[in-house]
Amino acid sequence: MALRTKFTDNLDLNCPLNEHPRPQFMRENWLSLNGQYEYAVTRNKNTFPKEYDGHITVPFAIESELSGVKRTLQPDERLWYRRLFTVPDSFKGKRVILHFDAVDWQCHVYINKRPGTIHKGGYSAFSLDITDLLKDGENELIVRVFDPSDKGLQQRGKQTLKSHGFWYTATSGIWQPVWLEAVETVHIDKIRLTPDFDKGKVRIQSFIKGAKGEVRISATVTEKLDGGEVIFSGDISEDDCIEIPDFIPWSPENPHLYGLSLELYAGDELKDSVKSYFGIRKFSVGRDGKGLPRLLLNNKPYFHNGLLDQGYWPESGLTPPSDEAMIYDIQTIKDLGFNMLRKHIKVEMSRWYYHCDRIGVLVWQDMPNGGGPLNAFYAGVLPTLQVKIDDHNYPIFKRTDPQNREEYRTELKEMIDELYNYTSICVWVPFNEGWGQFEAKETGEFVKQYDPSRIVDHASGWYDMGGPDLLSVHRYILPVTLPKIKDRPYALTEFGGYSQIIKGHVYDEKKSFGYKMYRSKETLTAAYRKLFEKQIIPLIEKGLSAAVYTQVSDVEFEVNGIMTYDRRLVKIDENTVKELNERMRL
């Protein structure tokens, strides 16, 4: 029997994941297009299928069980989706926007068999105005997808056609929500929110689309995310700052969020209304009382104590099976005493970041890697020997294609833009362990310049190029030691990986693997305690500023999770984890 979490027990496959997809930018007039689509897999690249193979549940990738298909899409194949939809009466007279929150990798979109758009990038959202392609009554949506998975150079993270070790089942096609939204011709296209902790203000940049004359923006700020007392109400410019008197700082211990509403007027006519929120916090680097470089939260040294989070699910791959499932992971690690998650080689659904904002968990956000196949010599041997290399030498990490490098830069910027407003995101991680690494120092400096409000881990783990902001080390099996700390805080950005196979709760008992294997909860807990008491906790006062234990849950063959892959068991004694986390502080 296939491994499953409890979150699929009452899942509505006719419209799964039907909460509003973007809590940071909400309008009332929207419609989910998740649910049942026809699908076909063909080797014909361009011709619409004459027949379809069956039904697929969107937004679950074709490789996943919850898609209802569960088959591997090959690089020489094309995946087609088809569904009919009717535009609601409330959309009439407005512009109709079709949103795709993620489609892996390249897709063509057609409305009533007329071309809509072409998009590349498996982790970035995109939208298109389909108003002029619509007709009265039923409309037809067709999506064609090409995804070479690990046979291509595109940004793909840990996806592979044949999963093994810590390389996981590929994700092809639609894997995040599809939805419609109605807007006026004149509307707010997007907003950019930047809190200024030191001045007690929030900067609100509104980007207006379709305006031919003067427009007016009215803003309302409430004391809480869900409303409460109004603390500001008035007109603002398209790039303005609002002072928040006696503001409550956001932190994991007190994740206070303010509600924000924006209304757009042309003359006296209301054209658009958007709801959002923000928290006021500051992420920076500074010195502690001993002169050691530290990560700061709200101008005070703050220890980042977290877990690596791959975001995979046994029945649904990269797509969380439900909103409840996302909340469970975040709340569980918070209840265990951790204050941070490193979202590893994946960009999550928007609601995941929203839940981190409101529950109170710091987020380190990785950029998914790309390029050619990983070279074991550069991946495993040289880092162990602490050999320095030049990552401008593109063949070393299989980044010789200039178009592929440019696509990486484009998608990195898209990721930052899409996630910029989320309060909990504190660190950007452009590269991990030399996977597709190139020009890491320059890339880190670009990210720091583009978003100075956050910290940058320019090269997590192995090939440090001296970029901003961290000295970032990974350490498995070998003892954790203190490197020479100069100007950058020392972050242990992966370690641990202690493992246990629990019969009935693993993906494949015979092929399961881990860095250090233990037979029981008692022996695993004892080893976990020893690791933290002997190696990790003593380093905090000496300069260790962050620690990322591997990992939240087991993932496919990898059994080194705090929880089992089906999220039904916590594998390490919970009281022990809580007790040790109480000591993981500055």
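Computed from the coordinates by the stated procedures, all read-outs in this text should not be read as laboratory data. Because the structure is a prediction, the values reported are computed rather than measured. Because the Cβ atoms are built from the backbone with ideal geometry, glycine has one as well, and the counts that use them run over all protein chains shown.
Could you tell me the center-to-center distance, by alpha carbons, between segment 500-553 and segment 436-497 in angstrom? What the calculation gives is 22 Å, centre to centre. Charge dipole (Cα centre; +1 on Lys/Arg Cβ, -1 on Asp/Glu Cβ; no other charges) of the chain amounts to roughly 1780 debye. Of all DSSP-defined beta bridges confined to segment 283-582, some 25% are antiparallel rather than parallel. Calculated [222 nm] ellipticity per residue, helices only, for the chain: -4000 deg cm²/dmol; basis is -39500 (n - 2.57) per DSSP H run with n ≥ 4, divided by all residues, nearest 500.
Looking at segment 395-529, the DSSP beta bridges with both ends there are about 10 percent antiparallel.
Taking the centroid of alpha carbons for each part, segment 123-164 and segment 387-425 are 21 Å apart. Under the combined filter of DSSP loop state and at most 13 neighbouring Cβ atoms within 10 Å, segment 464-522 retains these GluC sites (Glu not before Pro): Glu509. Between Phe232 and Ser90, the FRET efficiency estimated from the beta carbon spacing at R0 = 45 angstrom works out to 0.90. Applying the criteria of a DSSP loop state and at most 15 other Cβ atoms within 10 Å to the trypsin sites (Lys or Arg not before Pro) of segment 110-214 yields Lys113, Lys135, Lys162, Lys199, Lys212. Between Gln449 and Asp12, the contour length at 0.36 nm per residue exceeds the Cα-Cα span by 152.9 nm.
Using a Cα-Cα cut-off of under 18 Å, which lysines could be cross-linked to Lys503, ignoring same-chain neighbours fewer than 8 residues away? Straight-line reach from Lys503, under 18 Å: Lys6, Lys511, Lys516, Lys521, Lys571. Would you please classify the overall shape of segment 1-140 from the alpha carbon gyration tensor, given that a ≥ b ≥ c denote the square roots of the eigenvalues, rounded means a/c under 1.5, and beyond that prolate means a/b larger than b/c while oblate covers the rest? It is oblate, given that a/c is not under 1.5 and a/b is not larger than b/c.
Estimated at 0.36 nm per residue, the fully extended path between Asn298 and Lys578 surpasses their Cα-Cα distance by 98.4 nm. Close amide H partners of Ile174, meaning residues 5 or more places away or on another chain with modelled amide H under 5 Å apart, are Asp104. Note that segment 110-125 has calculated 3J(HN,Hα) couplings of 10, 10, 6, 6, 9, x, x, 6, 10, 9, 10, x, x, 10, 10, 7 Hz, one per residue in order, obtained from phi through the Karplus relation 6.51 cos²θ - 1.76 cosθ + 1.60 (θ = phi - 60°); glycine and proline are x.
Taking every DSSP bridge with both residues inside the chain, close to 75 percent are antiparallel.
In segment 475-522, which trypsin sites (Lys or Arg not before Pro) fall in coil by DSSP and have 16 or fewer other Cβ atoms within 10 Å?
Lys484, Lys486, Lys503, Lys510, Lys511, Arg519
Distance from the C-alpha centroid of segment 1-33 to that of segment 242-261: 28 Å, rounded to the whole angstrom.
Less than 18 Å from a label point 7 Å out along the Cα-to-Cβ axis of Lys209: which backbone N atoms in segment 131-150 qualify, by residue? Flagged as within label range: 131-134.
Across segment 192-201, rounded Karplus estimates of 3J(HN,Hα) from the backbone phi angles (6.51 cos²θ - 1.76 cosθ + 1.60, θ = phi - 60°) give 10, 10, 10, x, 10, 4, 5, 9, x, 10 Hz, Gly and Pro being marked x. For segment 189-278, lysine pairs separated by 8 or more sequence positions, or belonging to different chains, with Cα-Cα distances below 30 Å total 20. For the pair Thr481 and Asp129, a Förster radius of 51 Å applied to the C-beta separation gives a FRET efficiency near 0.35, rounded to the nearest 0.05.
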